[in-house]
Amino acid sequence: MILRSVTNGILKLVCACSRHEDERVISLTSWRAMGLALIVAAAGAGAGDVPANPAASGPINFSRDIQPLLSENCFHCHGPDEKTRKAKLRLDTHEGAFRAVDPAIVAGKSADSEMIKRILSKDTEEVMPPPKSNRKLTAPQIELLKRWIDDGAKWGKHWAFEPPVRPELPAVANKAWLKNPVDSFILSRLEKEKLNPSPAATKETLIRRVTFDLTGAPPTPAEVQAFVADAAADAYEKVVDRLFKSPRYGERMAFDWLDAARYADTNGYQGDNERTMWPWRDWVIRAFNENMPYDRFTIEQIAGDLLPDATREQKLATAFNRNHMINGEGGRIAAENRVDYVMDQSETVATVWLGVTLTCCRCHDHKYDPLSQKDYYSFYAFFNNQPVDGGGGNGKTAPTLSFGTPEQESKIADLKKKETEAKTERDELEKTIRAAQSEWERSVSGEPSGGKPAEIKWTAVVPDELFSDSGTTLVKSDDGAVLASGASPAKDSFVVTSRLKMAGITAFKLETLPHSSFVNKGPGRSDNGNFVLTELKIQGDGKPADLALVSADFEQQGWAAAGAIDGKAATGWAVMPQFGKVHTAIFEAKSLVGNRAPDTHLSFRLEFLSSNVQHVLGHFRLYATNSNPALLRPMAATLKTILSIAPDKRNDKQKKELADAYLSTNTALAAARQKVENAKKSREQAENDMPQTMIMKENPKPRDTFVLIRGAYDKPAEKVSIGVPASLPPMAADAPPNRLGLAKWLMSPAHPLTARVTVNRYWQTFFGTGLVKTAEDFGVQGEKPSHPELLDWLATEFIRGGWDVKALHRLIVSSAAYRQQSKVTPDLHERDPANRLIARGARYRLPSWMIRDNALALSGLLVDKIGGKSVKPYQPSGIWEEATFGAIKYNQDHAESLYRRSLYIFWRRIVGPTMFFDNASRQTCTVKPYLTNTPLHALTTLNDVTYVEAARALAQRVMESGGAETAARIEMAFQIATARAPSAAEKSILQGRMEILKKHYTANVPEAIKLLKIGESPRNEKLDAAEHAAYTGICSLILNLDEAITKE
Amino acid sequence: MDPLQQHQAQMTRRAFFGKSALGIGSAALASLLNGRACGDEKPGTRMGGLSDLPHFAPKAKRVIYLLQNGAPSHVDLFDYKPKLKEWHGKEIPAEIRKGKRLSTMTSGQSAKPVLGEITTFAQHGKSGAWVSDFLPRTAEIADELCFIKSMHTEAVNHAPAITFFLTGGEIPGRPSMGAWLTYGLGTDSQNLPSYVVMTSRDKEASCGQIFYDFYWGSGFLQSKFQGVKFRGSGDPVLYLSNPDGLSREMRRGILDDITKMNEIKLKEFGDPEIATRISQYEMAYRMQASVPELTDFSKEPASVLEMYGPDVKRQGSYAYNCLMARRLAERGVKFIQLMHAGWDQHRNLNSQLKIQCKDTDAPSAALVKDLKQRGLLEDTLVIWGGEFGRTPFLQGKIEETAQWGRDHHPYAFTHWLAGGGIKPGISYGESDEFGHDAVVNKVHVHDWQATILHLLGIDHERLTYKFQGRNFRLTDVHGHVVKPVLA
């Protein structure tokens, strides 16, 4: 509350860090409230779901056993955040805990240590942690703390902030199992736990597993067969070699990186404008395929633009930073946006490379990690010096890099030329016509001689949507006419909406139309065919049009058309007795309607609320125009007045008015002017279509950076200089103080975090969970590594090998640990339900994007084409339209675009692709996947067109090449999907189902044909439809098996 | 014990796996919702959720949140300020404005003349609540409602403000309230998701706000807790219908075999995830029947349909969604989030406000009445309100009557609440005499959230989730339960 009043209601609550308020401790942890906490509590330390490696008897490790207890229970009030520190006591540093006056800890003497006394106190005022904090230490935890103090209270630094030291390979008993050094660490732990590793997976399982992991797609039956048949000792290595050479490797690895980089094809937020970041996405794919070393990969993406003689590719790489959302909502404050963007950029780099949660330091010093608010803004300063000002919602906000094709470039040049020509033509014509003005002036009062006057050009409004307030059925035709039928209520109001390709609308026309279904052919639905339009209200882009009546071709006495725009329900336009014919009323807009070219969102409300029952219009059409409204009227009186003045006596205003009036009557000039407008629009459109990828650039003069109070953009406090967090190693003395310096610092071999965080994320790629489960948080509150030595060994190995990503991946997939079978024994499940000890192979559902790629690959539909513009495959209709009120339509692609890999699917940020589930939302950086298991997923893979079509194509594939026997065909389908032969029991289930399906479809051939029509790929018409439909059912069954969507 | 027996035993224990279809279904949902079921499930009893929740006996079992997106004008509808008429056209006093932050749509406008309310107010019911004549049906139920006239928030733009109400933070990325509740309280529904979202908008589409899917996102909670958006056209749930040419009967057979084959796999591999998968497929099948039944209004009495107004039969309308909300509430859905856009009257207050009111007034009131007549109101909390209010001064020019408007205004606005443990027929809190600032008994968004959680039996300080090393909660580090509004 205090804070709120301080910031006058503008603070942004970006962080839920627990902290004091009103001098009370509120918060937080209820152990019981947190999923896995019971296991943790039993283990005595924050080791997540890693089975206990108890310190109960063995030596105590400060970082592993003690620091997590202090962090969880004490740091909140006695940690790094100075502002909320209690009793001036800090327990996150050695100096603090052992301070000279009133030390909390007396080494060797737990009984004399204030900390233990307070923990054991029965006094609710004294006891620590305070009851109000909802934190409590368990008895074993307290014992552990006591023993640590009695043993001398050895202090240490948080493990992740110390540089990794390459450990010796641990000795193991079962040396025969080892394939590479990774295994020594895994096995050593298993042996300590008295567990045996699982047997190796079958060759079928293994090739399927490694092919998914390295390429995101399944192996072909031929690949499986070749591997099974290859008895050579290095058969597996050969497969791995082949997979590393596949271009699909880069695509697979890119997908996770796109999640981390919050890549999308639109800005997010209102308007959700498109952007062209796919050239960067293709850069990522190339980088992986070319095995770009991770240090280059990092430096080019964070700061490629700052490299000496930066290439186009290096500049493109920096688009990584520009993938954040852009808020173009009306009324947004640009400076606020800009700060949001810089924060997002800083935090993304911190999460991806440092694995620390910088976010909470926006507002205050970190509660647990040694990171201050000042550190945050110093880090932020690296990204604060770019030209982006935060204004607008343009998805091509400079600096950008143009990716137009030569054809596009020449097209724009051509259009520019055409625009110039059109302008010249117009100007010439205007000159000629002006010469004849005096002649026109003479003629206007008498017979017109200057050619036919220009005419107003009306465009019919074709409705997008029609509503009736009282239940009338409204149906539109393609020509824009609207016909009422069904219920005929006493009163009604209609709403017509339309997105019209026109801006600067000057006038509207309502045309009432006769129809044979009405009395006297209408146009009204009353008992005589009349109607009363009590009110016509028009809005353009949400703004009401201020209307004036120009004319009505007929008005019933007492029911003038002006009554339809006077705001009174008692008056209105009616047409008795002129029934059965067309009538028109024209309304001029006092100011132009719709100023956002190229189109205007129009809504018309036609009210029929008179006391005359059912005087509701039954058939009508609406029109709009952007022609000069002067054309609507006979010559204005003012012009007549001007004409009556002698030419040399007219003032400038009068001259101009007259000249404008004259010019506007000329058809040829109107056409020439229109031509200029059109040429301009075409040129703008072409420029708009040209891909412009947003990249990074430094301002020549650095922008000052300030600490922002509570993270509020308009509350700057002390000025800070660019720099890295004080608790991490400093930047090299000669490093440039900019993003390039930052990137090089991240990749310095002595950096404690970068290599660990990266190898951990890649471990997660192959095992589903990192060695540190909290891949996004290596801080004090993050999970401790399950295998700390292995993590450090991999990190140092990664650095030693020159940040060779493929080598790291090879190391992991070549290990015996990776190659184990994934069966779970009851004992193992009891001991290690989450498989953190890796006594078995990883088994988990494929990510949804991979499930889709799998189905396309199995069915033979997958199109292997790398990169390019994002594609729009099948999606249930109306998703985008519903999310954007019809402003953005989903124009589904066809042919090969339907079958491209998932990473090429167009990602609209406000409503992501519907066929994916559990995926990162691509709104902010995400480095850790979540897998869930819900009925909505089942509905997707059972019913989505993509999957039904894949089943049909797979069915066709086995019918064409699986031989004539049903059994063989079914077996083939099963084998394609799982890489293994079905068991007898499985065969019998599938064959039984096949018989039922076949019988059903033979008796219902039209049903079969309906099923086979799903999806746009052509089917082999020579195949028997009933049979094909039955196989389609079988293939859908197979594609939905747990095994088919799981990495075994 | 072989792995299958082991796991079957385990699953029986954890109610993963009943033998009856019902057992499978409830297991499915438990898993959908939490992955941790708790014991022998009976229809209508809770599945999933955290074992220590609720923290105390709840007053409300479910919530229907009628979010009026775009921000209704409090000074024209509920917060009657005679001063506005008096000052109409005169510059709002600086000591009232206090130079507070505005959206850029009026921050640059040199004159800020007071705009008198464009409606007529009268007092209604025994409680004498002031309600505008634009809301006659709401006025009729005034004695059921608790008006909070001292709401205030921090954001001045729609998306951040809505995100703030729904997630406790302005920037997307935190779990929405419905996700928190599903995570914490599990579900009472056998056949439907626990958290359902429906959207609608004014017929004119006059304001164009977008319904971002992070409005019902699960943030850092697992994605199974996110709201299920029922669509306004076609299948209410994505991919619900079987493909053309595949009958429900054929589907049943295929699913039976998927189950059989997955059971073989389970026997061999022992991975409990397979058992969960089996139950999810079963649940999907059940949803294919339960959702069409849910959306079938044919058995609704004519009197009920009439109460919700003529739009009730149009899928995707506010009226339709209100009736759906009642049907969802009856079926045990815990958090029903309706979002209706169309209140953003920057330039069309004179024409659009009345239309908006007409479209939403009857359905909102009908929902409360309908819940009451079915005995559901006592444990269903209904909330009506926007993401902020609107300026008591004019956006636009005083002479351009047709284009009068009011800009975004976070410093005071009105919500009403009804049912589920709320004291009916009261008005709580006050704004100043211009309706500019909440001044008496101010209720901040976090207080509002704390109060809702309280009604559901949750201590808002104790429903937390650890992410990135910190314990997050809906109310951030703020929020006090507004006790005077509790029954």
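All of the numbers you see were taken from the coordinates with simple rules; none came from a lab. Only a predicted model underlies this, so the values are computations on that prediction, with no experimental measurement involved. Note that each Cβ is placed from the backbone with ideal geometry, even for glycine, and that neighbours are counted across all protein chains shown.
Restricting segment A:364-374 to residues that are surrounded by fewer than 24 Cβ atoms within 10 Å (Cβ to Cβ) and closer than 18 Å to residue A:721 by Cα, which is nearest to the other protein chains (Cβ to nearest Cβ)?
Checking each candidate, the answer is A:364.
Among the numbered conditions (1) within 10 Å of chain A (Cβ to nearest Cβ); (2) surrounded by fewer than 24 Cβ atoms within 10 Å (Cβ to Cβ); (3) part of a helix (DSSP H, G or I), tell me where residue B:275 comes up short.
Residue B:275 satisfies every listed condition except (2).
Among B:220, B:211, which is the only one that is assigned to a loop (DSSP other than H, G, I, E, B), surrounded by fewer than 21 Cβ atoms within 10 Å (Cβ to Cβ) and among the aromatic types (Phe, Trp, Tyr)?
B:220
Sort through A:263, A:269 and tell me the only one that's away from chain B (no Cβ under 14 Å), assigned to a loop (DSSP other than H, G, I, E, B) and under 22 Å from the mean Cα position of the chain (by Cα).
Of the residues listed, the single one that is away from chain B (no Cβ under 14 Å), assigned to a loop (DSSP other than H, G, I, E, B) and under 22 Å from the mean Cα position of the chain (by Cα) is A:263.
Whether any residue in segment A:679-691 is farther than 30 Å from residue A:279 by Cα and out of contact with any His (no Cβ under 8 Å at 6 or more places or on another chain) is what I want to check.
Taking every residue of segment A:679-691 in turn, none turns out to be farther than 30 Å from residue A:279 by Cα and out of contact with any His (no Cβ under 8 Å at 6 or more places or on another chain).
Answer yes or no: is there a residue in segment A:504-513 that is among the aromatic types (Phe, Trp, Tyr) and either over 19 Å from residue A:612 (Cβ atoms) or surrounded by fewer than 22 Cβ atoms within 10 Å (Cβ to Cβ) (or both).
yes
Hey, does segment A:235-256 have a residue that's under 35 Å from the mean Cα position of the chain (by Cα), not basic (Lys, Arg) and not in a helix (DSSP H, G or I)?
yes
For segment A:603-636, how many residues are of a type in the set (A, V, I, L, M, F, W, C) and touching a His at 6+ places or on another chain (Cβ under 7 Å)?
Residues meeting the conditions: 1.
Looking only at segment A:527-564, which residues are β-branched (Val, Ile, Thr) and within 20 Å of residue A:630 (Cβ to Cβ)?
Selection gives A:550 alone.
Within the set of pairs 6+ apart or on separate chains, which have a first residue in segment B:141-154 that is touching a residue at least 40 places away in the same chain (Cβ under 8 Å) and more than 14 Å from chain A (Cβ to nearest Cβ), a second that is surrounded by 24 or more Cβ atoms within 10 Å (Cβ to Cβ) and among the charged types (D, E, K, R), and C-beta atoms under 8 Å apart?
The qualifying pairs are B:149/B:79.
Taking segment A:138-189 as the region of interest, how many residues are buried (at least 20 other Cβ atoms within 10 Å of the Cβ) and not polar (S, T, N, Q)?
Counting residues in segment A:138-189 that are buried (at least 20 other Cβ atoms within 10 Å of the Cβ) and not polar (S, T, N, Q) gives 15.
Tell me which helices (runs of 4 or more DSSP H) are completely within segment A:946-1048 and hold 1 or more residues being without any contact (Cβ under 8 Å) to a residue 12 or more places away in the chain, small (Gly, Ala, Ser) and out of contact with any Gly (no Cβ under 7 Å at 6 or more places or on another chain), or say none if there are none.
Once the helices (runs of 4 or more DSSP H) in segment A:946-1048 are filtered for at least 1 residues that are without any contact (Cβ under 8 Å) to a residue 12 or more places away in the chain, small (Gly, Ala, Ser) and out of contact with any Gly (no Cβ under 7 Å at 6 or more places or on another chain), what remains is A:984-1003.
All but one of (1) in contact (Cβ under 8 Å) with a residue 40 or more places away in the chain; (2) surrounded by fewer than 24 Cβ atoms within 10 Å (Cβ to Cβ) hold for residue B:181; which doesn't?
Among (1) in contact (Cβ under 8 Å) with a residue 40 or more places away in the chain; (2) surrounded by fewer than 24 Cβ atoms within 10 Å (Cβ to Cβ), the lone unmet condition for residue B:181 is (2).
Buried (at least 24 other Cβ atoms within 10 Å of the Cβ) and among the basic types (Lys, Arg) - does that describe any residue in segment B:129-139?
The answer is no, given that none of the residues of segment B:129-139 is buried (at least 24 other Cβ atoms within 10 Å of the Cβ) and among the basic types (Lys, Arg).
Quick one: which helices (runs of 4 or more DSSP H) sit completely within segment A:66-146 and have at least 2 residues that are without any contact (Cβ under 8 Å) to a residue 40 or more places away in the chain and in contact with a Leu (Cβ under 9 Å, 6 or more places away or on another chain)?
Because the criterion is at least 2 residues that are without any contact (Cβ under 8 Å) to a residue 40 or more places away in the chain and in contact with a Leu (Cβ under 9 Å, 6 or more places away or on another chain), the helices (runs of 4 or more DSSP H) in segment A:66-146 that meet it are A:114-120.
Looking at (1) surrounded by fewer than 22 Cβ atoms within 10 Å (Cβ to Cβ); (2) within 16 Å of residue A:959 (Cα to Cα), which is the one condition that is false for residue A:1008?
Failing condition for residue A:1008: (1).
From (1) of a type in the set (D, E, K, R); (2) out of contact with any strand residue (DSSP E or B) (no Cβ under 6 Å at 6 or more places or on another chain); (3) under 15 Å from residue A:582 (Cα atoms), pick out the condition that doesn't hold for residue A:511.
Against the list (1) of a type in the set (D, E, K, R); (2) out of contact with any strand residue (DSSP E or B) (no Cβ under 6 Å at 6 or more places or on another chain); (3) under 15 Å from residue A:582 (Cα atoms), residue A:511 comes up short only on (2).
Test residue B:422 against the stated conditions and say whether it is surrounded by fewer than 23 Cβ atoms within 10 Å (Cβ to Cβ), of a type outside the set (Asp, Glu) and either closer than 26 Å to residue B:451 by Cβ or in contact with a Gly (Cβ under 8 Å, 6 or more places away or on another chain) (or both).
No, not satisfied.
Can you say whether residue B:300 is more than 10 Å from every other protein chain (Cβ to nearest Cβ), within 34 Å of the chain's Cα centre (by Cα), surrounded by fewer than 19 Cβ atoms within 10 Å (Cβ to Cβ) and in contact (Cβ under 8 Å) with a residue 12 or more places away in the chain, as far as the supplied structure shows?
yes
Among the candidates B:401, B:464, which residue alone is closer than 30 Å to residue B:347 by Cα, within 14 Å of chain A (Cβ to nearest Cβ) and not acidic (Asp, Glu)?
Residue meeting the stated conditions: B:401.
Hey, can you tell me all the residues within segment B:397-411 that are buried (at least 24 other Cβ atoms within 10 Å of the Cβ) and small (Gly, Ala, Ser)?
Selection gives B:405 alone.
Which of the residues that make up segment A:865-879 are closer than 12 Å to residue B:234 by Cβ, among the polar types (S, T, N, Q) and buried (at least 19 other Cβ atoms within 10 Å of the Cβ)?
Result: A:875, single match.
Starting from residues that are of a type in the set (Gly, Ala, Ser) and surrounded by 24 or more Cβ atoms within 10 Å (Cβ to Cβ), keep the ones in segment B:190-208 and report whichever is nearest to residue B:291 (Cα to Cα).
Looking at residues that are of a type in the set (Gly, Ala, Ser) and surrounded by 24 or more Cβ atoms within 10 Å (Cβ to Cβ), I get B:194.
Has segment B:374-385 got at least one residue that is part of a loop (DSSP other than H, G, I, E, B), in contact with a helix residue (DSSP H, G or I) (Cβ under 7 Å, 6 or more places away or on another chain), aliphatic (A, V, I, L, M) and more than 14 Å from chain A (Cβ to nearest Cβ)?
Within segment B:374-385 (the criterion being part of a loop (DSSP other than H, G, I, E, B), in contact with a helix residue (DSSP H, G or I) (Cβ under 7 Å, 6 or more places away or on another chain), aliphatic (A, V, I, L, M) and more than 14 Å from chain A (Cβ to nearest Cβ)), the answer is yes, since at least one residue qualifies.
Take the conditions closer than 18 Å to residue A:333 by Cβ, within 14 Å of another protein chain (Cβ to nearest Cβ) and either among the β-branched types (Val, Ile, Thr) or without any contact (Cβ under 8 Å) to a residue 24 or more places away in the chain (or both) and apply them to residue B:171. Does it pass?
Spelling it out, residue B:171 is indeed closer than 18 Å to residue A:333 by Cβ, within 14 Å of another protein chain (Cβ to nearest Cβ) and either among the β-branched types (Val, Ile, Thr) or without any contact (Cβ under 8 Å) to a residue 24 or more places away in the chain (or both).
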